[in-house]
Amino acid sequence: MRTIRRLCRRFLSFILSLLLSCSLIVPASASIAFSDVPSSHWAYGAIQDMRAAGLVIGVGGGKFNPGGQLSRAQFLAMTVRLLEQETGRDVTPAASGYWGSPYYTGAEAFSLFGGFKHSISLSGIDSSQASLDAGITRYEMAVLANNVLANAPGYTYDTSKVDSSVMPDYDTLPAQYKDAVCRMYSLGILTGQNGGYFNGDKTLTRAESCVVLSRLQRAYNQMSTSTPAAGGTLEVHYIDVGQADAALVICDGEAMLIDGGNRADSDLIYAYLQQEGITHLKYIIGTHAHEDHMGGLSGALEYAAVDTAFCSVTEDDSQFFQDFKARLERQGKTITVPKIGSQYTLGSAAFQFIGPVQMVDDANGCSLVLRLSYGSTSFLFTGDAERDEEADILDAGYELSSTVLKVGHHGSETSTSYPFLRAVAPQYAVISCGTGNSYGHPHDAALSRLRDADVTLYRTDLQGTIICTSDGKNVSFTTAKNPTIQTNPTVDQDTAGAYIGNLHSKVFHRTTCSGLPLEKNRVYFDNRADAIAEGYTPCGRCDP
């Protein structure tokens, strides 16, 4: 129902926009021939491409009016729709009244007026119809174009070679626009008019808008593609913190910690960072305000400095959360709640926050969910997200396919639903849980779904800390122990895989049993027959 309502809403919004504005948004299936844009026109290729992409429309009668003036609202509509396509975010509300209002709201959601990393503040445009109907100046276009690219995870630029030799009116650029104009020149988004002059006070034409939009789309795609550094690798350390969660990501000398186990794991996290030589964290992420995910982050902050701290909330009464905030404050940092759809880089890797789409009362349902890409490999971190949050992310249309899935909520029955698992389609999965935990994690239902999807499974309760290494094309795993153990045996398995016996009670169990003995009391059997031959009896709980 949510998807149907969204589609209906967007369709009505589109019809209103089309009828009321002659704006540039159109379905991609429409004809792309314009009688006033011959193949010899200087912007012919860009106009055709943007028409085919569903981002521009003509003015009626089979014409495009390439020299006509473009309004601010029309350029906002084009850039918002471009970012919606590229990020998978649906941020434009339904139209009610003036057709351009929803796109002003969408532009705010993408920080096109400033307030985001690498973005530049743009004043003078407000949400009134008079303001949005005014022609957009080339200065304003340069700032908005820059802020479109600021949404790309790999946004970089070098303005050192942009001066009056390439832009004759360089010295007359107003201070509030100069940086944006120079960035766009350096990236080839803008090339100037009549010998390189920028002529920023002039308004943008419809043909020019297509050329700019086409170049923005190409640049955004390039900046959103993770390209591993030559000879580089990415490592994801799924740290064994028992019935809790912690993952350390390292790429090109930069590090990110996602969750940190319980408060009792603070020393372990401190020692692990020390062991890996991580004295600086570019990011620290508490997926949600539960102790088994954030309790040990204070230990990380005792050893390492951090640039940015993310969490799904900024306030919680729990002591572990207050400790976390206090240690951040010592470093002059505060908690940032990331915008969903926002993207960041870690070395030559890139990641995007894709959940929670909406905030709910349950902390698990507000877990930060992020997808990290490195070359053609990718990793999905789900916190304790459960079915409802998974469904919201699916409805939002974010890219989910991932090489490795960190299974949600320690392998709980209420996470890793079939629709979500089909969309992720992982080759590998990792479950972080504690040996013999009282929750029965991982649950048989979740394990069954992973088996059905033919996913190779790793588990911290059976294998300790698990390290996945990627070269951008392939991934490999190393485990602290039991590298060949059967981590997800079928229920009716009688002769294959591993069984775990208790040295004292002489009872043997399935590897998924919630009553497994402590590691020091374990003995492993390759098959059921060997366990019985050694005098062990089957567990009455898991019926091996």
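Considering only region 161-186, state which residues are in contact with a helix residue (DSSP H, G or I) (Cβ under 8 Å, 6 or more places away or on another chain) and small (Gly, Ala, Ser). Of everything in region 161-186, those that are in contact with a helix residue (DSSP H, G or I) (Cβ under 8 Å, 6 or more places away or on another chain) and small (Gly, Ala, Ser) turn out to be 164, 180. When every residue of region 479-499 is checked against the conditions, none turns out to be among the small types (Gly, Ala, Ser), surrounded by fewer than 17 Cβ atoms within 10 Å (Cβ to Cβ), under 25 Å from residue 389 (Cβ atoms) and out of contact with any helix residue (DSSP H, G or I) (no Cβ under 7 Å at 6 or more places or on another chain).
Might you let me know whether region 511-525 holds any residue that is at pLDDT 90 or above and not in a loop (DSSP other than H, G, I, E, B)? Break it down into steps so the answer makes sense when it comes.
Taking region 511-525 and keeping what is at pLDDT 90 or above, we get none.
No.
Scanning region 288-322 for residues that are touching a residue at least 60 places away in the same chain (Cβ under 8 Å) and touching a Ser or Thr at 6+ places or on another chain (Cβ under 6 Å) yields 288, 293. When we screen 97, 106 for residues that are of a type outside the set (Ser, Thr, Tyr), on the phi > 0 side of the Ramachandran plot and at pLDDT below 95, the only hit is 97. Residues that are open to solvent by 40 Å² or more (accessible area, probe 1.4 Å), in contact (Cβ under 8 Å) with a residue 40 or more places away in the chain and not acidic (Asp, Glu) within region 229-242 comprise 229, 233, listed in sequence order. In region 134-142, the count of residues that are open to solvent by 30 Å² or more (accessible area, probe 1.4 Å) and without any contact (Cβ under 8 Å) to a residue 60 or more places away in the chain is zero. Being over 20 Å from residue 70 (Cβ atoms), hydrophobic (A, V, I, L, M, F, W, C) and either in contact with a Lys or Arg (Cβ under 7 Å, 6 or more places away or on another chain) or without any contact (Cβ under 8 Å) to a residue 12 or more places away in the chain (or both) is the requirement here; does residue 175 meet it? Yes, satisfied.
Could you say whether any residue in region 204-223 is assigned to a loop (DSSP other than H, G, I, E, B) and open to solvent by 10 Å² or more (accessible area, probe 1.4 Å)?
Keep residues of region 204-223 that are assigned to a loop (DSSP other than H, G, I, E, B), which gives 204.
From what's left, open to solvent by 10 Å² or more (accessible area, probe 1.4 Å): none.
Looking through region 204-223, none of the residues is assigned to a loop (DSSP other than H, G, I, E, B) and open to solvent by 10 Å² or more (accessible area, probe 1.4 Å).
Would you check which residues across region 12-68 are at pLDDT below 85, open to solvent by 40 Å² or more (accessible area, probe 1.4 Å) and part of a loop (DSSP other than H, G, I, E, B) and list them? Residues satisfying the conditions are 22, 27, 28, 29, 31, 32, 33.
Give the number of residues within region 69-90 that are in a loop (DSSP other than H, G, I, E, B) and at pLDDT 85 or above. Give the derivation first.
Just the residues of region 69-90 that are in a loop (DSSP other than H, G, I, E, B), to begin with: 70, 88-90.
Imposing the further condition that a residue be at pLDDT 85 or above reduces the set to 70.
Count: 1.
Quickly run through region 183-203 and pick out the residues that are in a loop (DSSP other than H, G, I, E, B), open to solvent by 20 Å² or more (accessible area, probe 1.4 Å), at pLDDT 90 or above and out of contact with any strand residue (DSSP E or B) (no Cβ under 8 Å at 6 or more places or on another chain).
From region 183-203, those in a loop (DSSP other than H, G, I, E, B) are 187-192, 194-196, 198-202; that's our starting set.
Okay, now just the ones that are also open to solvent by 20 Å² or more (accessible area, probe 1.4 Å), so 187-188, 191-192, 194-195, 199, 201-202.
Next, from what is left, pick out any that are at pLDDT 90 or above: 187-188, 199, 201-202.
Of everything in region 183-203, those that are in a loop (DSSP other than H, G, I, E, B), open to solvent by 20 Å² or more (accessible area, probe 1.4 Å), at pLDDT 90 or above and out of contact with any strand residue (DSSP E or B) (no Cβ under 8 Å at 6 or more places or on another chain) turn out to be 187, 188.
Filtered by the rule that a residue be closer than 30 Å to residue 344 by Cα, among the polar types (S, T, N, Q) and open to solvent by 50 Å² or more (accessible area, probe 1.4 Å), region 69-98 gives a lone residue, 85.
Taking residue 349 as the residue in question, decide whether it is crowded, with 21+ Cβ neighbours inside 10 Å and over 9 Å from the mean Cα position of the chain (by Cα). Write out each step before concluding.
Numbers: crowded, with 21+ Cβ neighbours inside 10 Å: yes; over 9 Å from the mean Cα position of the chain (by Cα): yes.
Answer is yes for this residue.
Any residue at all in region 263-280 that is under 20 Å from the mean Cα position of the chain (by Cα) and either within 23 Å of residue 334 (Cβ to Cβ) or of a type outside the set (D, E, K, R) (or both)? Step through it out loud before you land on a result.
Step one: filter region 263-280 for residues under 20 Å from the mean Cα position of the chain (by Cα), giving none.
Among the residues of region 263-280, not one is under 20 Å from the mean Cα position of the chain (by Cα) and either within 23 Å of residue 334 (Cβ to Cβ) or of a type outside the set (D, E, K, R) (or both), which makes the answer no.
Sub-6 Å Cβ pairs linking a first residue in region 193-204 that is in contact (Cβ under 8 Å) with a residue 12 or more places away in the chain and under 18 Å from residue 67 (Cβ atoms) to a second residue that is of a type in the set (Val, Ile, Thr) and in a loop (DSSP other than H, G, I, E, B), at least 6 apart or interchain, are 204/136, ordered by first then second residue.
A Cβ distance below 6 Å, combined with a sequence gap of six or more or placement on separate chains, defines the contacts here; from region 528-544, residues that are closer than 12 Å to residue 499 by Cα reach residues that are basic (Lys, Arg) and in a strand (DSSP E or B) in the pairs 542/510; 544/510.
Just to be sure I understand the filter: pairs with C-beta atoms under 7 Å, separated by 6 or more residues or on different chains, first member in region 58-87 and free of Cβ contacts under 8 Å to residues at least 60 places away in the same chain and closer than 16 Å to residue 150 by Cβ, second member assigned to a helix (DSSP H, G or I) and open to solvent by less than 10 Å² (accessible area, probe 1.4 Å). Which pairs pass? Final answer for the pair search is 80/103; 80/106; 80/107. So, in region 368-409, how many residues would count as being of a type outside the set (Phe, Trp, Tyr) and in a strand (DSSP E or B)? Counting residues in region 368-409 that are of a type outside the set (Phe, Trp, Tyr) and in a strand (DSSP E or B) gives 11.
Taking the criterion of being in contact (Cβ under 8 Å) with a residue 60 or more places away in the chain and either under 17 Å from the mean Cα position of the chain (by Cα) or surrounded by fewer than 20 Cβ atoms within 10 Å (Cβ to Cβ) (or both), the residues of region 393-421 that qualify are 395, 396, 397, 398, 399, 403, 404, 406.
Restricting to region 364-377, and then to whatever is within 13 Å of the chain's Cα centre (by Cα) and open to solvent by 10 Å² or more (accessible area, probe 1.4 Å), can you tell me which residue is farthest from residue 475 (Cα to Cα)? Checked region 364-377; the qualifying residue farthest from residue 475 (Cα to Cα) is 371.
The values are calculated or read from the model by the stated rules, or taken from the named source; none is laboratory data. Since we're looking at a predicted model, the values are computed, not measured. FYI the Cβ positions are ideal-geometry reconstructions off the backbone, even for glycines, and counts take in every protein chain you see. Just so you know, the surface numbers come from the protein's heavy atoms only, side chains and all, with ligands and any DNA or RNA stripped out. Shrake-Rupley method; radii C 1.70, N 1.55, O 1.52, S 1.80 Å.
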